[in-house]
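Chemist: Could you have a look at this structure, given as structure tokens, before my questions?
The values are calculated or read from the model by the stated rules, or taken from the named source; none is laboratory data. The structure presented is a predicted model; accordingly, all values stated were derived computationally and were not measured. Here the Cβ positions follow ideal geometry from the backbone for every residue, glycine too, while neighbour counts run over all protein chains shown. Only protein heavy atoms, including side chains, enter the accessible area calculation; ligands, DNA and RNA are left aside. Shrake-Rupley method; radii C 1.70, N 1.55, O 1.52, S 1.80 Å.
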Amino acid sequence: MADEERRWVISSCADWMSHLPEQLHNVLLWNLSIPGSHDTMSYCLDKHSPVLHSQPKILTVLDQLVPCIIRPCIKKWGTTQELVISTQLDSGIRFLDLRIAHKEKDSDQTFHFAHGIYSLVTVKEALTDVADWLEQHTKEVVIIALSAFDDVNPEQHRRLIDFLKGLFDKKLCPKGEVPTLKSCWSQGYQVILSYADGAACDHKELWPAWDYWWANESDPNLVISYLENKKVTVGRPDIFFVAGLNLTEDSKYVLHHLFQSMRTMTLRASGLLLDWVKKQRPGSQKTGLNIICADFVGISRNKFIQLVISLNTKPLEREPPLEFIMKSPLL
């Protein structure tokens, strides 16, 4: 993609929430279609870092014996994104999937992201970038899910929560709210933050963990079957939830595809997965979707992001306003 075209696509999606038709401004945010990135910070995994203690025993043992082989391999298959966090937001991503970990020798106030191995970028650096981005896009709302918390003790949870509350402050939408775009705009809320640990229970600013529909399959057909089955048999909850399009490799798959990576795996399946996205609808009905999460959200010229955003016009009884069509690269 030419540089000028890339800049146009990114800037067109950077403020997509404020460009939605007015009829959608009072819709509950969990009834909108929102694009998300699975393992948002995996673009900066450190191939020199040790394997997490929570990984299977075989990996931690091999990491002691042959780290020069194990760590690059985990990085290759654990990397699920390429765009830095601010570019993901510019591209239209509004759900960030952040897996937190603490390195044994780091201070109690230093946290990293992790997916098998640790990230180079710290939690403070990445979330400060998010806060700075929000200052420039005052009508956008970002939904953040913090989870995993490998080797994080109660005191470190307290320090991390204090940092989050201090950083986002009045931008945090409390868990007692029933948010729409209009209500968030009127009260200055720009961050809805889920903290998947009991340490957050007494903090009204932090939401509990939300459902993440994860197929745990390497075959995209099985991922789609899993999601369709969840829609029909379980149905969407009456709050935020995530449908994960991300594929999952296992040791058998890796051994049969030694010269490939999570990126090649995702790229091969992208056409089938995007065709499924086109058929979805947001909304409160049992089969309606909310957050749709994917790996490598920038591939195919950000087509995944654009498709997910465009689903928001489906529930409208009439055609979307001309203004929305002109401002958006989706249609």
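Chemist: May I ask you to evaluate 6.51 cos²θ - 1.76 cosθ + 1.60, the Karplus curve with θ = phi - 60°, for each residue of segment 137-145 and list the ³J(HN,Hα) values in order in whole Hz, giving x for glycine and proline?
Modeler: Listing the rounded values in order: 9, 6, 10, 9, 10, 10, 9, 10, 10 Hz.
Chemist: I would also like to ask the following. Considering only DSSP beta bridges where both residues belong to the chain, give the percentage that are antiparallel (nearest 5).
Modeler: Looking only at bridges with both residues in the chain, the antiparallel portion is about 20 percent.
Chemist: Looking at segment 140-243 from every direction and averaging, what is the projected area of its Cα convex hull in nm²?
Modeler: With every direction weighted equally, the projected area is 8.3 nm².
Chemist: Here's another thing I want to ask about it. Within segment 1-159, what percent of beta bridges assigned by DSSP are antiparallel, to the nearest 5? List each step's numbers first, then the result.
Modeler: Values: 7 of 16 bridges.
The antiparallel proportion sits near 45 percent.
Chemist: Rounded to the nearest 20 debye, what is the charge dipole size of segment 134-203 about its Cα centre when +1 sits on each Lys and Arg Cβ and -1 on each Asp and Glu Cβ?
Modeler: Values: 8 positive and 10 negative charges, 77 e Å.
For this selection, approximately 380 debye.
Chemist: I need the calculated FRET efficiency for the pair Gln136 and Leu65, taking r as the beta carbon distance and R₀ as 45 Å, to the nearest 0.05. Please report the intermediate quantities before stating the final value.
Modeler: Working: r = 48 Å, r/R0 = 1.06.
The computed FRET efficiency comes out at 0.40.
Chemist: Out of segment 114-161, which GluC sites (Glu not before Pro) are coil in DSSP terms and have no more than 10 other C-beta atoms within 10 Å?
Modeler: Loop-located and lightly packed - none at all.
Chemist: Taking the chain as a Gaussian network, Cα atoms linked when under 10 Å apart, which of Val191, Val130, Val254 shows the biggest mean-square fluctuation?
Modeler: Comparing Val191, Val130, Val254 in a Gaussian network model of the chain, the most mobile one is Val254.
Chemist: How big is the charge dipole of the chain about its Cα centre, in debye rounded to the nearest 20, if each Lys and Arg gets +1 on its Cβ and each Asp and Glu gets -1 on its Cβ?
Modeler: It comes to approximately 620 debye.
Chemist: Which of Pro220, Pro21, Pro315 moves the most in a Gaussian network model of the chain with Cα springs under 10 Å?
Modeler: Pro315
Chemist: Rounded to the nearest 20 debye, what is the charge dipole size of segment 78-218 about its Cα centre when +1 sits on each Lys and Arg Cβ and -1 on each Asp and Glu Cβ?
Modeler: The dipole of segment 78-218 has a size of about 440 debye.
Chemist: Treating cross-link reach as a plain straight distance, find the lysines whose alpha-carbon is under 22 Å from the alpha-carbon of Lys204, omitting any fewer than eight places away in the same chain.
Modeler: Reachable lysines: Lys124, Lys165, Lys170, Lys171, Lys175, Lys182.
Chemist: Average projected area of the Cα convex hull of segment 7-130, in nm²? Intermediate results must be reported in sequence, preceding the final value.
Modeler: Working: hull surface 38.5 nm².
Over every viewing direction, the Cα hull of segment 7-130 projects on average to 9.6 nm².
Chemist: Along the charge dipole of the chain, which of Leu227, Thr138, Leu24 sits closest to the positive end, that is, farthest toward it, with unit charges on the beta carbon of Lys, Arg, Asp and Glu (+1, +1, -1, -1)?
Modeler: Leu227
Chemist: Just to confirm, what accessible area per residue do you get for the chain at 1.4 Å probe, in whole Å²? Kindly include the intermediate steps, with their values, before the conclusion.
Modeler: On the way: 15170 Å² over 331 residues.
About 46 Å² of surface per residue is accessible.
Chemist: Taking 10 °C and 1.306 mPa s as the conditions, I'd like the Stokes-Einstein D for the chain in µm²/s, using the Kirkwood hydrodynamic radius from alpha carbon pairs.
Modeler: Numbers: Rh = 20.5 Å.
Reported coefficient: 78 µm²/s.
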